[in-house]
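The values are calculated or read from the model by the stated rules, or taken from the named source; none is laboratory data. Keep in mind that what you see is a predicted model, and the values were worked out from it rather than measured. Neighbour counts run over all protein chains shown; Cβ positions are idealised from the backbone, glycine included. In case anyone asks, the SASA skips ligands and DNA or RNA and just uses the protein heavy atoms, side chains included. Shrake-Rupley method; radii C 1.70, N 1.55, O 1.52, S 1.80 Å.
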Amino acid sequence: MVSTSAGNLPPAPSERTAEPAAEHVPGRPRVLYLGGLGRSGTTVLERVLGELPGTCSVGELVHLWQRGVLDDETCGCGEPFSRCPFWTEVGRRAFGGWDPGLAVRTEALRPRVDRTRFIPGLIAPRLLGRHRAELREYVGTFLRLYRAISEAAGGAVVIDSSKHSSLAYCLRTEPGIDLRVVHVVRDSRGVAYSWTKEVRRPEAGDAAGNGALMTRYSPSRSSVLWVGHNLFFGLLGRLGTRTRLLRYEDFVAEPRAVLTELAEFADVPAGDLAFLTQSSERSSVLLSPSHTVAGNPMRFRTGPTALRRDDAWRAQLPKGRRVLVTLLTAPLLARYGYLRRSR
Ligand SMILES: [Zn+2]
């Protein structure tokens, strides 16, 4: 399963143009972390950001150890993780090759430090007590990983769509990581509807070709999670971590303006955005293959892809559930401007 030969590296998304990332500090990887509750459009945002020169999108890196190293699931490029030349090179640079023992160790550390309930301790690590050394070890592994990804992609800014607020709080304790967080929000009613739908994970399919299902949540459960994650990401900015709030709906409405702004936030050149066609009717983006380790199944899509607002919830989410979600999430919905909008 674990291959240590480097192989020939295909050009990473970041290498398609010659423009280097601005002010890159060797050894201190810059990470653009996409945070927010799942089903908020982070996968499509990540893919589009990954088309910017000087960036490398890697999917939900938090799942690399289990789904990539241990389960050998399919990379976004279509190869099994162990046969993907990009990840083989990253593993060689970071750890001298992928080590299942390290994967087991990191997966064991995760529930001990990287959990929403530990966020108070992550804000003041002295509260973590004996878990402090485990936090250092856990985050140190991420640092080596980010550094190797950035180097393997020619000094690129790493785009990690892990989404979890607790991981962002872990990462901000490591001064060796130049962390910049894009806090992605989407209307809680759309998020709740999306969590009730069945979505298959083709990369985790069985021999008969049946994919495993992605997790589903009830509207009340997803509402509580939506509020919690968004409050924690809001607090992150007030604690001094560089954070940018982005509404998914604004991204699909004005992708050119949003990408230009996020490129500036990440200190990468926006370039000519030739991969993007924006119109008032319908925008689309030309997606190239990427080496994403986990995420929504749309990570496998390549070629022209429509960017359109997914408003299915307006027709499909039953009224009772809609009222429930609106009530449970009203203060933040109002703060993000969702209650101002008319249909
Ligand atoms: Zn790959």
Would you confirm, using the coordinates I've provided, whether R105 is among the charged types (D, E, K, R), assigned to a helix (DSSP H, G or I), more than 16 Å from the ligand (Cβ to nearest atom) and modelled with pLDDT under 95?
no
Just one listed residue, out of L307, L333, L324, is open to solvent by less than 30 Å² (accessible area, probe 1.4 Å), touching a residue at least 12 places away in the same chain (Cβ under 8 Å), in contact with a helix residue (DSSP H, G or I) (Cβ under 8 Å, 6 or more places away or on another chain) and over 18 Å from V252 (Cα atoms), and it is L333
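Just the residues that are out of contact with any Phe, Trp or Tyr (no Cβ under 7 Å at 6 or more places or on another chain), assigned to a helix (DSSP H, G or I) and touching a residue at least 24 places away in the same chain (Cβ under 8 Å), please, taken from the range 310-321.
Selection gives R314, R321.
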Of the numbered conditions (1) open to solvent by 70 Å² or more (accessible area, probe 1.4 Å); (2) in contact with a helix residue (DSSP H, G or I) (Cβ under 9 Å, 6 or more places away or on another chain), T302 satisfies every one except a single condition; which is it?
(2)
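Listed residues W98, W87, W65; which is near the ligand (Cβ under 10 Å from one of its atoms) and either crowded, with 24+ Cβ neighbours inside 10 Å or in a helix (DSSP H, G or I) (or both)? Break it down into steps so the answer makes sense when it comes.
Values: W98 fails: near the ligand (Cβ under 10 Å from one of its atoms); W65 fails: near the ligand (Cβ under 10 Å from one of its atoms).
Going through W98, W87, W65 in turn, the sole match is W87.
For the structure I just gave you, tell me whether E79 is within 15 Å of the ligand (Cβ to nearest atom) and free of Cβ contacts under 8 Å to residues at least 40 places away in the same chain. It would help to see each step written out before you state the result.
Details: within 15 Å of the ligand (Cβ to nearest atom): yes; free of Cβ contacts under 8 Å to residues at least 40 places away in the same chain: yes.
For E79, the condition - within 15 Å of the ligand (Cβ to nearest atom) and free of Cβ contacts under 8 Å to residues at least 40 places away in the same chain - is met.
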Please find, within the range 113-124, the residue that is farthest from the ligand (Cβ to nearest atom) out of those that are touching a residue at least 24 places away in the same chain (Cβ under 8 Å) and surrounded by fewer than 17 Cβ atoms within 10 Å (Cβ to Cβ).
I123
Which condition breaks for G97 when tested against (1) closer than 30 Å to F265 by Cβ; (2) at pLDDT 95 or above?
(1)
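Among the candidates V199, V227, which residue alone is modelled with pLDDT under 95, among the β-branched types (V, I, T) and closer than 26 Å to A315 by Cα?
Just a single option satisfies the conditions, and that option is V199.
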